[in-house]
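Colleague: Take this structure, written in structure tokens, and hold onto it; I'll ask about it next.
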Amino acid sequence: MEPRAKARWSPGNSPSSARGVWPRCSELKMFLAALSFSYFAKALSGSYMKSTITQLERRFDIPTYLIGVIDGSFEIGNLLVMAFVSYFGAKLHRPKIIAVGCVLMSLGTFLCAMPHFLIGRYKFETSVRSSVNSTNILSPCPASSPDPLPAGDSAHVMPSAGCERESSLSMWFYVFLGNVLRGIGETPVQPLGISYIDDFAQEDNAAFYIGCVQTVSIIGPVFGYLLGSLCAKLYVDIGFVDMDSVTITPSDARWVGAWWLGYIVAGIITLLSAIPFWFLPKSLPAPAARHHSRRSPGQARFVKGSSHLGQKYRPGEAASLLEMAKEFIPSLKSLMGNPVYFTYLCVTVIQFNSLIGMVTYKPKYIEQHYGQSASKANFLMGAVNIPAVALGMFLGGVVMKKLKLSIMGAAKLAFGTSLLGYFLSLFFFAMGCENSRVAGITVSYQGVDGISYHERSLFADCNAGCPCSGKDWDPVCGGAGAITYVSPCLAGCQSQRGSGRSTVFEDCRCVRGPGNHSAALGHCPDREGCGQIFPYFLALSVVSSFVISLGGTPGYMLLIRSIQPELKSLALGVHTLTIRTLAGIPAPIYFGAIIDTTCLKWGHKRCGGRGACRIYNTTAYRIAYLGLSLGLRTFSFFLCVPGFLLLQKHLQKEEGAALTNGGSEVEPLKKEEAGSLHCERLAHAPDGDAYAPDGDAHTPGGYVHTPDGDAHAPDRDGHAAQTAEHQPPPPARNSDRDPDRETRL
């Protein structure tokens with residue numbers, strides 16, 4: 001291939017050069033467009049996964065910590081093949097490997113939707129009885145007690161053959177496997193795609209192309225959450241049931257939207273993104289500038305620190321596993337022996353635990369704490385919160401470039417924005433709402449405030465004449481809208497009129513106040529003050545997310561500049577691996593487990609066993625959710641103090657070495673590196689799988705995972721292939737080498 005490149009790009013052969021540049025540019029632009037679309041698709045599906053958390057929890061009747069397991073399964077799949085793709089992917093046909101990855105992501109997304117077509121129709125708890133004639137008077141009280149021991153743990157529905165089948169097969173496991181497959185398919189997209197652009201684009205355009213491609217991925221989470229908002233408005237079995245018979249609304253704790261529909265849409269989009277890669281070549285002619293120079297940009301910049309690497313790596317030579325293993329262990333020891341890098345790694349792991357946990361359950365927090373529907377919570381995440389994060393990441397890079405910040409300046413900016421965002425987040429504690437007034441749970445039947453976690457408190461003298469089950473959840477609003485009752489039976493109602501959502505219960509003995517003591521379906525709108533607080537919470541959330549994300553780019557530059565140039569790709573790979581293993585997987589699980597401890601009333605499966613939570617202790621939820629997140633960030637700030645001291649010592653040592661070796665070139669080279677990496681870092685905004693973390697979209701200092709959360713730092717060897725500067729080739733040994741240029745370097 002090298003002689004062909006010489007023929008096309010030699011200075012004396014301009015016609016051949018003209019013929020070679022246009023096909024290369026057109027194919028490169030086609031690859032650029034295809035990679036941008038694949039980034040959009042994977043970010044969309046990752047953020048959509050996070051938007052369906054509460055829908056999956058209710059549909060499969062599982063606790064929140066299991067939702068965390070499902071969310072973290074993307075990282076598990078990614079880690080399974082990361083090493084294989086990083087080492088061997090760049091030696092194969094990269095566009096086709098990316099195409100295979102997109103197909104796997106599409107299949108995984110379709111697999112996530114499959115349980116909807118296997119599990120049957122959604123049957124929620126309800127006390128409303130259907131009647132052909134809406135004027136018939138029916139009693140919500142059963143003829144005999146369905147629950148002989150009101151406080152017992154036995155289910156009030158006898159298992160049937162169909163029930164046994166449903167209980168023996170955990171349908172949520174298909175969603176888990178689908179997300180694992182998504183993680184496996186996503187692995188080659190970023191490292192191989194970025195390396196392909198960097199290898200065959202002009203040196204001056206590579207960083208710009210990379211920034212543009214990854215910036216497109218910021219749009220993915222926006223559309224992912226908006227798609228989640230649209231699907232959450234639609235009933236799960238829409239098109240298969242009579243909507244007039246559905247007695248719940250999107251704001252009800254039993255409502256399940258058409259979660260499966262968005263996975264089908266995301267799967268189709270991801271499958272389409274694989275098509276262009278099948279028609280792209282394995283390689284393109286090398287750019288003219290790189291052909292003549294025969295040296296990578298990294299070797300030109302770090303020639304003094306990395307000249308010994310010239311004998312370790314040659315483009316086109318396949319290094320053996322033994323050679324790679326021999327180089328890996330000493331490099332890893334050198335990397336982990338860098339105190340600045342190790343401290344930075346510890347700080348970011350703790351902060352990512354905080355950010356991933358908060359972002360994963362932020363829509364759920366908005367739903368449960370402020371009484372918003374899942375549709376509205378997802379809409380606000382996609383239309384307001386994520387754009388603020390993207391803007392913060394962009395302006396953080398602009399500030400770095402305009403102020404020409406040094407490594408210490410970048411560290412101070414990253415720390416300052418994180419600390420300011422932390423203080424702003426403390427105001428969330430003051431923006432709390434009171435618990436809903438639910439008889440027997442948050443208030444007594446006499447209206448006295450008091451939290452109760454025991455089922456016996458649901459029974460009182462006013463409903464003693466009606467044998468009720470304490471396991472039902474079919475809330476009704478009694479009287480003037482002061483108190484919500486768990487079910488019409490527990491409200492002591494003797495009759496009902498109407499059908500569907502217009503059903504009215506009458507002669508309710510537990511309903512206090514004047515009138516006919518009637519009750520209507522649904523929760524009482526008893527938290528008007530909470531609705532007034534919510535806009536302030538939303539505004540503060542946007543501002544704090546923007547401020548924190550301002551430090552994302554400076555923080556990334558601190559990682560890049562605190563290590564030796566030849567260890568850069570390994571440092572990025574170790575950072576990514578550590579973040580995904582110690583934050584992306586465990587954070588959603590233990591955040592969900594802590595949220596589960598604040599549940600006041602659990603739902604029950606038709607076949608027995610505990611289902612999804614119906615109502616939370618709002619105050620305890622706020623303290624647990626915000627306290628855990630801010631507590632982790634508080635601990636990370638204590639590690640920043642020794643981090644600054646180590647960084648200052650590291651810089652003083654490097655300055656002394658630079659003066660000794662004549663380091664007048666160091667500062668210009670650092671500025672040059674900052675400019676080239678500005679566009680690249682810009683794109684590490686949340687997507688979802690984010691987070692974001694698919695979320696996976698996890699960004700240092702920005703709200704994401706996102707979800708696919710999926711925009712992580714590049715993999716170790718994937719990033720090594722991303723830029724030629726990471727492992728520079730040896731000087732060219734032929735006659736067309738430019739000795740004057742090497743002398744200048």
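Colleague: If you take the residues of the stretch 56-68 that are touching a Gly at 6+ places or on another chain (Cβ under 8 Å) and under 18 Å from L177 (Cβ atoms), which of them is surrounded by the most Cβ atoms within 10 Å (Cβ to Cβ)?
Modeller: Only one residue fits best here, namely I67.
Colleague: Would a scan of the stretch 23-30 turn up a residue that is open to solvent by less than 30 Å² (accessible area, probe 1.4 Å), at pLDDT 85 or above and either among the aromatic types (F, W, Y) or on the phi < 0 side of the Ramachandran plot (or both)?
Modeller: Within the stretch 23-30, not a single residue is open to solvent by less than 30 Å² (accessible area, probe 1.4 Å), at pLDDT 85 or above and either among the aromatic types (F, W, Y) or on the phi < 0 side of the Ramachandran plot (or both).
Colleague: Give me the pairs: first residue in the stretch 644-670 and among the polar types (S, T, N, Q), second residue modelled with pLDDT of 70 or more, beta-carbon distance under 9 Å, and six or more apart or on different chains, which are they?
Modeller: Here the result reads Q648/M408, each pair linking the stretch 644-670 to a residue that is modelled with pLDDT of 70 or more.
Colleague: Taking the stretch 364-391 as the region of interest, how many residues are open to solvent by 10 Å² or more (accessible area, probe 1.4 Å) and among the basic types (K, R)?
Modeller: 1
Colleague: Right, here's the next one. Quickly run through the stretch 603-612 and pick out the residues that are open to solvent by 40 Å² or more (accessible area, probe 1.4 Å) and modelled with pLDDT of 80 or more.
Modeller: Hits for the stretch 603-612 are H604, R610.
Colleague: Being under 30 Å from C640 (Cβ atoms) and of a type in the set (D, E, K, R), is that true of even one residue in the stretch 467-487?
Modeller: Scanning the stretch 467-487 turns up no residue that is under 30 Å from C640 (Cβ atoms) and of a type in the set (D, E, K, R).
Colleague: Next question. Does L413 meet the test of being modelled with pLDDT of 85 or more, open to solvent by 10 Å² or more (accessible area, probe 1.4 Å), under 18 Å from S541 (Cα atoms) and among the hydrophobic types (A, V, I, L, M, F, W, C)?
Modeller: no
Colleague: Okay, next question. Could you grab me the full set of residues in the stretch 475-503 that are part of a strand (DSSP E or B) and not charged (D, E, K, R)?
Modeller: The answer is V476, C477, G478, I483, T484, Y485, S495, Q496.
Colleague: Continuing with this model, one more query. Name the residues in the stretch 31-55 that are open to solvent by 10 Å² or more (accessible area, probe 1.4 Å) and either at pLDDT below 90 or polar (S, T, N, Q) (or both), would you?
Modeller: Scanning the stretch 31-55 gives L32, A33, S36.
Colleague: Test M105 against the stated conditions and say whether it is modelled with pLDDT of 90 or more and open to solvent by 20 Å² or more (accessible area, probe 1.4 Å).
Modeller: no
Colleague: Filter the stretch 204-242 down to residues that are open to solvent by 10 Å² or more (accessible area, probe 1.4 Å) and assigned to a loop (DSSP other than H, G, I, E, B) and give me whichever is modelled with the highest pLDDT.
Modeller: Looking at the filtered set, the residue picked out is L234.
Colleague: Within the group P315, P281, P297, P287, which residue is over 30 Å from D474 (Cα atoms), at pLDDT 65 or above and over 25 Å from the mean Cα position of the chain (by Cα)?
Modeller: One residue alone meets the criteria, P281.
Colleague: Of a type in the set (S, T, N, Q) and at pLDDT 90 or above - does that describe any residue in the stretch 243-260?
Modeller: no
Colleague: For the stretch 440-457, name all the residues that are β-branched (V, I, T) and surrounded by 20 or more Cβ atoms within 10 Å (Cβ to Cβ).
Modeller: Once the filter is applied, which keeps residues that are β-branched (V, I, T) and surrounded by 20 or more Cβ atoms within 10 Å (Cβ to Cβ), the stretch 440-457 yields I441, T442, V443.
The values are calculated or read from the model by the stated rules, or taken from the named source; none is laboratory data. Just so we're clear, the structure is a prediction, and the values are computed from it rather than from any experiment. Cβ: placed from backbone, ideal geometry, glycine included. Neighbour counts: every protein chain shown. With ligands, DNA and RNA removed, areas are computed over all heavy atoms of the protein, side chains included. Shrake-Rupley method; radii C 1.70, N 1.55, O 1.52, S 1.80 Å.
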